[in-house]
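The structure appears below as structure tokens.
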Amino acid sequence: PCFSVVIPAAGIGKRVGADIPKQYLTVLDSTIIEHTLKPFIEHADIQRVVVSVSEDDQWFAHLKVATHPKLTVVKGGKERVDSVLSALKALPETDYVLVHDAARPCIQSSDIDKLMAHARETNSGAMLAYRVRDTMKRSDQFNHIKKTVDRENLWHALTPQMFNNKQLIDAISGVQQQHLITDEASAIELAGGQVTIIEGRSDNLKVTQSEDLLLAEFYLSKFNS
Ligand code: CTP
Ligand code: MG
């Protein structure tokens, strides 16, 4: 099968609170988004990588990777789902698209390969996730515990999430309440589709708050040594 990649990178990184969008902060030797793109650009089985950047992005074009022949840049949208959809529409016909957050620089090629192996073996999509480890509590609005939630089948959703690109476009476009789409799998779920989880690495973190920058730096330095 044929694989392509969509990287939503049009966010502003409000929660990190830096003066530029978090994907353009430097960690170790390069920007976060360059770390993120590397394993996809270098992957022999990936034909094309589409990155969605914000309308007023003034950083991406200056990156060394910006002129790579595998890369296409499109304008993102207001919400993550809008940025994903705009990139999906720019993709040529492909069997599978892997959607991966620009803000997850610690993705390892072994996890990308796990998803691709699943596609080859089962002819179907899947997403990465890792098991919840802590005891989980559900509370009311006053932080009073209502119950302890059974942890056995609870997962942290990760990216990449891999689906047929036509199926994903149809699923996203077909959902009435777009705010319910917080990842690609949720669009497929809402459209009535079946999504399988592939157990992924828990160090594939999303840089969300400023303290995550140190963690990302730590993991990236371990991977390269
Ligand atoms: N994203 C996007 N388009 C948007 C919003 C988010 O492409 N309109 C991307 C981000 O760039 C990021 C990924 O979606 O790579 C995950 O989103 P998140 O971690 O929430 O990033 P931000 O929206 O940038 O951060 P924040 O919510 O703190 O502002
Ligand atoms: Mg956001």
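The values are calculated or read from the model by the stated rules, or taken from the named source; none is laboratory data. Everything numeric in this text was worked out from a predicted model, so none of it was measured. Glycine also receives a Cβ, built like all others from the backbone with ideal geometry; neighbour counts cover every protein chain displayed.
Within the group Ala129, Ala171, Ala119, Ala187, which residue is in a helix (DSSP H, G or I) and within 22 Å of His43 (Cβ to Cβ)?
Values: Ala129 fails: in a helix (DSSP H, G or I); Ala171 fails: within 22 Å of His43 (Cβ to Cβ); Ala187 fails: within 22 Å of His43 (Cβ to Cβ).
Going through Ala129, Ala171, Ala119, Ala187 in turn, the sole match is Ala119.
Among the residues of the range 166-173, are any farther than 17 Å from Val97 by Cα and without any contact (Cβ under 8 Å) to a residue 40 or more places away in the chain? No, because not a single residue in the range 166-173 is farther than 17 Å from Val97 by Cα and without any contact (Cβ under 8 Å) to a residue 40 or more places away in the chain. Quick check on my filter: what residues within the range 195-225 are more than 16 Å from ligand 1 (Cβ to nearest atom), over 15 Å from Thr36 (Cβ atoms), touching a residue at least 24 places away in the same chain (Cβ under 8 Å) and more than 18 Å from the chain's Cα centre (by Cα)? Residue satisfying the conditions is Ser221 alone. Pairing residues of the range 8-31 that are aromatic (Phe, Trp, Tyr) with residues that are away from ligand 2 (no atom under 12 Å from the Cβ), at Cβ distances under 9 Å and at least 6 apart in sequence or on separate chains, gives Tyr24/Ala18; Tyr24/Thr31; Tyr24/Ile32; Tyr24/Ile33; Tyr24/Asp57; Tyr24/Trp59; Tyr24/Phe60; Tyr24/Leu63. Entry remark, the range 39-80: residues being buried (at least 17 other Cβ atoms within 10 Å of the Cβ), away from ligand 1 (no atom under 15 Å from the Cβ), assigned to a helix (DSSP H, G or I) and without any contact (Cβ under 8 Å) to a residue 60 or more places away in the chain number 1 in total. Could you tell me whether the range 18-32 includes any residue that is more than 9 Å from ligand 1 (Cβ to nearest atom) and at pLDDT below 95? Checked the range 18-32: at least one residue is more than 9 Å from ligand 1 (Cβ to nearest atom) and at pLDDT below 95.
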